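Here is the structure we will look at.
Derivation of every value follows stated rules applied to the coordinates shown; laboratory data play no part. Note that the structure is a prediction, hence the values are computed from the model and not measured. Cβ coordinates were reconstructed from backbone atoms using ideal geometry, including for glycine residues, and neighbour counts include every protein chain displayed.
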Amino acid sequence: MNTENQSVEELNEEKTCCGGGCHHDDSVEHECECAETEAVETVDEVSIVKEQLAQVQDQLLRQAAEVENFKRRMNEEKQRDMKYRSQSVVTNIIPAIDNFERALMSAPENEETQTFLTGFKMIYSQLLDALKNEGVEVIAAEGEAFDPNVHQAVMQEAVEGVDSGMVLQELQKGYKLKDRVIRPSMVKVSE
């Protein structure tokens, strides 16, 4: 009877499938729990890998955007350099233009100097044409409304019949290279 009890107990412990329901012994349940835990861990690992992938893709997109921005900035800088390439030359030539103007204004009017004056005027005209071809413009001043962006007021004077803030006299010419002021006009402004 003892052997019979043992056999019955062993059978009960194995808990085989019967009556439409599955019954597992404790070791199988333990294996199922381990498999579920592994499945959850695998899902967690997959989630972590997906998150890391998303981060790497985001970093890649950001770096690509940085490269594009760098290329754009370099292109803009190159275009700006090309646009204003002659600025240093123009800045150095302007004092020579000023001296030509002073010389032409103070030259005596006689036959001896007339030939020299004609030559100076031709050189002066050629210099102005060369500057104009590079995009240099003389800033309009006298009779214009004072603009602090292109005019530098060095004197003020009250004049009847003239509105306040008008340029009365240009003391020194100003120049622009395309849209950049190279030297503002020095002016006398009405009060």
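Cross-link reach is defined here as a Cα-Cα straight distance under 23 Å, omitting same-chain residues fewer than 8 places apart; for K178 the lysines meeting it are K78, K83, K132. The label point for T37 and the one for D163, both projected 7 Å from the Cα toward the Cβ, are 8.9 nm apart. Backbone amide hydrogens, once placed in the peptide plane, bring I182 within less than 5 Å of Y175, K176, L177, excluding anything fewer than 5 places away on its chain.
Along each principal axis, taking the top coordinate minus the bottom one, the Cα set of region 66-156 gives 69, 35, 17 Å in descending order. On the beta carbon distance between E142 and K71, with R0 = 35 Å, the FRET formula returns roughly 0.15.
Annotation: amide H of E144 within the under-5 Å range of V167, sequence separation 5 or more or interchain, hydrogens built in the peptide plane. For region 54-60, 3J(HN,Hα) computed residue by residue from phi via the Karplus equation (6.51, -1.76, 1.60; θ = phi - 60°) reads 4, 5, 5, 5, 5, 4, 4 Hz, glycine and proline entered as x.
Compute the convex hull volume of the Cα atoms of region 23-82, divide it by the residue count, and report the result per residue in Å³ as a whole number. If you can, show how the numbers build up before the last one.
On the way: hull volume 2.2 nm³, N = 60.
Here the figure is 36 Å³ per residue.
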